[in-house]
Amino acid sequence: SNPDWAEGPALLTAEAAQISVAILPLLAGDVQVTGLRLIRPRLDLQIYAEGRRNWDMGGAAQGGGARIGIDKATIADGAIRLRDARVGRDMALTALDAELSMADMAGPLSLRATGVLNGLPASARIALGPMGAQGGGAAREIDIQLTLSDAEASWTGIAAPGDAPTLRGTLAATA
């Protein structure tokens, strides 16, 4: 549910949700989601003029050290609405179909999605390599391809967070 001060009763609703989890990894304290399917999920994100966000429920997440992986997660006919009162923006992503896989939080990760963003057809393909695959540390390969109507943008490269974050790659765009 939403915080008391937010508009509307729910942050997230879904017509149906199905999840399956591997039992053996649970014995080691890890979570391996073998399947997650959301049917007609609706996510209502709100940012108020003073910066409050309805998805910030307070309190910092505590790192438990558990490995979390997702073999396959899908969204069928989803919708995301973002209302940002700071800039007067109201964006809607509808007819969202997506598939995600993620070995664990360190990657690799693959996401494919299609939908309609504010009335325009949109798609995204994002691939993140595993952390450390490019010379150790947290560096990872990134490949992003986005389309919105007839416009396309892509970025391929390497990102390395840390005290001196670096981003190297190639950006291409057509309209």
Subject >> Qualifying residues in segment 133-160 (those that are over 28 Å from L96 (Cβ atoms) and within 21 Å of the chain's Cα centre (by Cα)) - the one surrounded by the most Cβ atoms within 10 Å (Cβ to Cβ) >> reply: A139
**OP:** Tell me, yes or no, whether segment 76-83 has at least one residue that is over 16 Å from the mean Cα position of the chain (by Cα), of a type outside the set (G, A, S), at pLDDT 90 or above and buried (at least 16 other Cβ atoms within 10 Å of the Cβ).
**Re:** yes
Original post:
Any idea which of S123, S110, S101 is over 30 Å from L26 (Cβ atoms), open to solvent by less than 70 Å² (accessible area, probe 1.4 Å) and within 17 Å of the chain's Cα centre (by Cα)?
Top reply: S123
Subject >> Identity of the residue in segment 15-29, under 20 Å from the mean Cα position of the chain (by Cα) and of a type in the set (G, A, S), that ends up surrounded by the fewest Cβ atoms within 10 Å (Cβ to Cβ) >> reply: A16
Original post:
Somewhere in segment 30-42, is a residue in a loop (DSSP other than H, G, I, E, B), open to solvent by less than 80 Å² (accessible area, probe 1.4 Å) and hydroxyl-bearing (S, T, Y)?
Top reply: no
Original post:
Restricting attention to segment 56-65, does a residue exist that is within 16 Å of the chain's Cα centre (by Cα) and either open to solvent by less than 50 Å² (accessible area, probe 1.4 Å) or more than 30 Å from L120 (Cβ to Cβ) (or both)?
Top reply: no
Original post:
Is there a residue being buried (at least 17 other Cβ atoms within 10 Å of the Cβ), part of a loop (DSSP other than H, G, I, E, B) and over 19 Å from the mean Cα position of the chain (by Cα) anywhere in segment 2-14?
Top reply: yes
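The values are calculated or read from the model by the stated rules, or taken from the named source; none is laboratory data. These numbers were taken from a predicted model, which means no experiment stands behind them. Cβ coordinates were reconstructed from backbone atoms using ideal geometry, including for glycine residues, and neighbour counts include every protein chain displayed. What goes into the accessible areas is simple: the full protein's heavy atoms, side chains included, and nothing from ligands, DNA or RNA. Shrake-Rupley method; radii C 1.70, N 1.55, O 1.52, S 1.80 Å.
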